[in-house]
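This report refers to the structure that appears directly beneath it.
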Amino acid sequence: MKKSIYFIIAALSIISSGKAQVVKKNHTANSQQYNYEDTRKLVALVKDAAALIHLKSEAAFADLRLPGSRWRKGETYIFILDLKGNMLVHPDPELEGRNTLNLKDINGKPIIRGLINAATNTPDKQEGWYHYEWPVPGGLLPRWKSSYVQLVKSPSGKEYIVGSGTYNDRMERAFVIDVVQDAVGQVEKDGADAFKAFHDPTSPFMAKDAYIFVIDMNGVDLVNPGFPSLEGRNILDLKDKHGKKLVREMIKVAQASGSGWVDYMWPKPGKSVSTLKSTYVSKAKIGDKWVVVGCGVYLADAPKEISVTKKLTAPELMKLVYEGAAVFEKKGESAFPEFRQKGSKWFRDNTYFFVWTMDGERVLNAANPAIEGEHVNGTKDVLGRPYGKMFLDAAASVNGEGWVHYMYPEPEDIFPTWKSSFVKRVTFPSGRRYLVGCGIYNMDMDKAFIADVVNRAATLVERDGKAAFDQLRDKTSPFMFMDTYVFVDDPNGIELVNPAQRSLEGKNLINEKDVHGKLIVKEYIDAAAKNGSAWVDYYWYRPGENTPAHKYTYVRKVKSGDKTYIVGAGLYIDSKDKKK
């Protein structure tokens, strides 16, 4: 879920001038600890800037504007706001001197209001953190930024917000502790009415890959914006990939100590592979009942789940579906028993066949015969992706086949995970047409997926021109899945469609370079113009991440009327996957 994207505001209690401040009782000493040196340096920089303003009043602003000084160096800079949202000091001349109170990031997060609230919402402490997406100075793409702010009163009596930020996608444990404590306060004040804010991606309770969840003492999941399909379910005995009953442990910690940490394996929102997660949980009272409120952090370089089962590659799965389709074309419904046989070629581990009528009725599901007979043409996954319609559209296409990517639980599991299915239209001996398919959970990304989605997008753009653009931007469409999205440029390099990085739309990127100096847009436009289609590679940012990754992109030149477009999509790979 891309990711989707998530935000958090964490009001931190820190040590000022060598002495611990007096804070409200539910803010623990743990809130004052940071895991990363750059976080500690950032806090120190802001405190020193605040001390300078406290000493020199508004005369300090000139010092804080000095390029190359400790206050303004590289990606790090001090900014100053007043409480009305007027930007008094900022390296961007387009912002300095303006009222920026209504400034929002690309996801609609209120940046300035959030920064002001972080330093003013809690009377006992006048500093805090806020997380949002913002470009580096002179940069093109918004990146995750964590800003620390402090309220300071100058000798003139005026109050200012002084702050600075760091561009990274890491979460500190201290951020998590404080957001849980803030959420507990909200729950105890508003009861279940607080749950709405926990689901709001523009609220202070969601950031990056962190989110608030609430579980009752019987193990019923009340709030889970990262995995909403779990809401309303009793997950008391849910186990992670190592067999740990994580919910039972959370409840035990909350009951025994009031609050504490629980470590377990859990996927990031929108991801399938589990990563080691440390979650802070705390008791909260709603009326006369206790609940557990929690939020977790995926620490840098945390261990990830390692698959012990060899998965089919995309070409291998396609070959299997073609072979299965040939059997169905010859035998029809009489072949169903052999496809239900577990351990056979057709049903091995969690890879199994399914057959639908072309109007969306399940007639075979080898893994779960109980759902046969259901009409599922309107079925959606946990992300709202109408995978039933996607299946039928792929099978009804001119080619009669295609890939569909969606989230679906593995057999006998309640937890949705990414699944990639290849479907093909087949005519049985009776003359009736069916959809035959097979899929793999947690499929490794493959060039076959990218070529498939680009070719389908190119067909749509060729037919509909600009009218196709809104469909390409739709996050529930077949054109966005996992870290993959379709983009469209004109031959001059103007980005027309980029659903993952909407701030790029309308900009001319022809001279855009990657971290190695490669003119990436010019290269793929030239390649598509010359050859009609091409693969290119370069370094680019995954949606929601701050570190460039190696990316292979497939592009096609498309004519629609008198207009020419470049349609493309790519996959991000690790060095070990380059052979794909």
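Taken together, the values in this text are just the output of simple stated rules run on the coordinates, not laboratory data. Just so we're clear, the structure is a prediction, and the values are computed from it rather than from any experiment. Positions of Cβ are backbone-derived with ideal geometry, glycine not excepted, and every protein chain shown enters the neighbour counts.
Of note:
- Relative intensity, log₁₀ I(q)/I(0), of segment 112-183 from a Debye sum that treats every alpha carbon as a point, q = 0.13, 0.15, 0.17, 0.19 Å⁻¹: -0.43, -0.57, -0.70, -0.83
- Using alpha-carbon coordinates, inclination of helix 520-531 to the longest axis of the chain, degrees: 20
- Here Glu505 and Lys563 are evaluated by their C-beta separation; at R0 = 25 Å the FRET efficiency comes out at 0.90.
- Compactness of segment 175-297 as Cα Rg over 2.2 N^0.38 Å, two decimals: 0.95
- In the chain, the calculated helix contribution to ellipticity at 222 nm averages -7500 deg cm²/dmol per residue, counting -39,500 (n - 2.57) for every DSSP H run with n ≥ 4.
- Between Lys153 and Thr275, the simple spin-label model (points 7 angstrom out along Cα→Cβ) gives 4.3 nm.
- Potential lengthening between Lys345 and Lys196 on full extension [0.36 nm per residue; Cα-Cα distance subtracted]: 48.9 nm
- Convex hull volume of the chain per residue (C-alpha atoms, cubic angstrom): 166
- Each principal axis of the Cα cloud of segment 37-169 was taken in turn, and the coordinate range along them, longest first, works out to 39, 33, 32 Å.
- Taking label positions 7 Å along the Cα-Cβ direction at both Lys41 and Ala467, the computed distance is 5.6 nm, reported to one decimal.
- 0 to 90° range, to nearest 10: angle between helix 447-464 axis and the chain longest Cα axis: 90
- Rounded tilt (10° steps) of 37-56 against the dominant C-alpha axis of the chain: 30
- Point-to-point label distance, Val136-Asp92, nm (Cα→Cβ direction, 7 Å offset): 1.6
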